[in-house]
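In what follows, a structure is listed as structure tokens, so that the remarks can point back to it.
The values are calculated or read from the model by the stated rules, or taken from the named source; none is laboratory data. No experiment lies behind these values; they were computed from the predicted model shown. Here the Cβ positions follow ideal geometry from the backbone for every residue, glycine too, while neighbour counts run over all protein chains shown.
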Amino acid sequence: MTESTALYDIPGPHARRRHLLYGLVSTVVILALAGWFLYLLFDTEQFTSTKWSPFLYEGIQELLLEGLGNTLKAFAYASVLSLALGAVLGAGRLSEHRVLRWTSTLLVEFFRAMPVLVMIFFIFVALKVQPLPALVAGLTLYNGSVLAEVFRTGIHAVARGQGEAAYALGMRKTQVMTYVLVPQAVRAMLPAIISQLVVALKDTSLGFLITYEEFLHAGKLIASNLDYDLPFIPVVLVISPIYIGMCMLLSWFATWVARRERRSPKTKAVDVAPAEPGTLLPGAQ
Amino acid sequence: MDVLTDNFSLYGEGFLGTVELTVYASALALVLGFVMASFRVAPVGSFRVFGTVWVTVLRNTPLTLLFFAVMLGLPRFGLVLPFEVFAVLALGCYTSAFVCEVLRSGINTVPRGQGEAARSLGMTFTQTLGAVVLPQAFRTVIPPIGSTLIALAKNSAIAGAFSVTELLGTYKTLSELGYNIVWTFVWIAVGYLIITLTISALFHVLEKRWGVAR
């Protein structure tokens, strides 16, 4: 333990021995749980060769890769479009025209309050759109609205003096925005934006529920194959590390950017928000 | 308009299903999140590692994947429970990771001096955390916990797609009965708005009662 915390004293020899004991006991308990889980896997015959054989076939590997490609495609579309929508709605919320401001506030609040899945189902079922556009549209509306809030708070986080100085130099509204506020704000917002993109990546899996042929869908196809003795657990064991790994990479990237930005002199006039995917929820400030 | 009046019981059933899911999963998420948050600040290394792994993995898991694994995977181990219980488990575990992070950052907002003062009075780790730090942290975490629970209520819609009775799932029956699909969704949306607005009103009251500006 290198950093000291205010919650407990730096342990002496007695406490250290006690902590070691706790640590050993809990490690044993955790390992026992993991062992039990493994035993269950073996006991229910999840490691038989029939159940793992499908992954040897090229057709099935291609199916999985295609699913992964479709997931990434939906993610790419959704992230680009939601960044654009977020910029538009964010600009609307910062506008000086009352009508524009009110409309975009209404839209942002509404789409943030609705479950994404309800929007996706509405577009898919009621408007009878193909799965991919429905998924992308639903994700765009939700993440765009959240990003609009990120943009707005980011612009507000730039020190007041920056905008005032630019106005004093005789710059116009648009110039102040594009030359002074946005360049500084974007650097500071980058971690929050990337964290929101992690949410978008996670939510592409909702496409599974509207029969979009993404990664999870490919997995389901393999898992429900009787020829391989319904290899459900193997499929989960293969798919989840890939999914979780992708999201983790993106999350770590956000944290890395945040740490880099906090040291950078270019963001001095802005409070850099820490990268926390969990806090970008409606009502969280 | 008559979509609602004709099918009031169906909507009511779905609405109650969503409320039930939300309440049970919130309780589970709060308890688990609390346990994990105390693990993450504990002096014992293996607890900290366990808490960190739990939070990192669950925060980066797509909820659909978790539902998929829990709902269709656990029965393979001979664990047969009603779908509602599985849904509560998946939602609760998923949200507990977010609750844990909120609590941990809440603990970090309590000034160091408070913990140090408690220690210098000879309090143990449990006493410091339970009697001094957490009561203060509780006041700052009310709004973020509220938004986490709102997200939980919204996420419960996914359970509907895995054949649990809840609000979004009602659209299937209604469209089979031939009702106007747009109005069906409008009333579903209203149902979700009622739930999320109730939660945010509740937390607004809590915030007024106990919250402090720091």
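Residues that are touching a residue at least 60 places away in the same chain (Cβ under 8 Å), more than 10 Å from chain A (Cβ to nearest Cβ), surrounded by fewer than 20 Cβ atoms within 10 Å (Cβ to Cβ) and assigned to a helix (DSSP H, G or I) do not occur anywhere in the range B:41-63. State whether the residues of the range A:52-68 include one that is modelled with pLDDT of 90 or more, farther than 16 Å from A:L237 by Cα and in contact with a Lys or Arg (Cβ under 7 Å, 6 or more places away or on another chain). No: zero hits.
Quick check, is B:L149 under 22 Å from B:L4 (Cα atoms), in contact with a Ser or Thr (Cβ under 6 Å, 6 or more places away or on another chain) and more than 9 Å from chain A (Cβ to nearest Cβ)?
no
The residue that is nearest to B:F68 (Cα to Cα), among those in the range B:163-188 that are of a type in the set (V, I, T) and not in a helix (DSSP H, G or I), is B:V164.
With a requirement of 1 or more residues that are touching a residue at least 12 places away in the same chain (Cβ under 8 Å), hydrophobic (A, V, I, L, M, F, W, C) and farther than 23 Å from A:A185 by Cβ, the helices (runs of 4 or more DSSP H) lying completely within the range A:108-172 that satisfy it span A:116-121, A:131-157. Residues being in contact with a helix residue (DSSP H, G or I) (Cβ under 7 Å, 6 or more places away or on another chain), over 17 Å from A:Y57 (Cβ atoms), within 8 Å of another protein chain (Cβ to nearest Cβ) and aliphatic (A, V, I, L, M) are entirely absent from the range A:217-232. Determine if the range B:69-81 includes at least one residue that is in contact with an Asp or Glu (Cβ under 6 Å, 6 or more places away or on another chain), away from chain A (no Cβ under 13 Å) and over 26 Å from A:A200 (Cβ atoms). Checked against the condition, which is being in contact with an Asp or Glu (Cβ under 6 Å, 6 or more places away or on another chain), away from chain A (no Cβ under 13 Å) and over 26 Å from A:A200 (Cβ atoms), the range B:69-81 yields no hits at all.
Does B:L193 qualify as being within 8 Å of chain A (Cβ to nearest Cβ), under 29 Å from B:T18 (Cβ atoms) and outside any helix (DSSP H, G or I)? It is false that B:L193 is within 8 Å of chain A (Cβ to nearest Cβ), under 29 Å from B:T18 (Cβ atoms) and outside any helix (DSSP H, G or I). Could you please find all residues in the range B:116-139 being farther than 18 Å from B:V35 by Cα and crowded, with 21+ Cβ neighbours inside 10 Å? Within the range B:116-139, B:A118 is the sole residue that qualifies.
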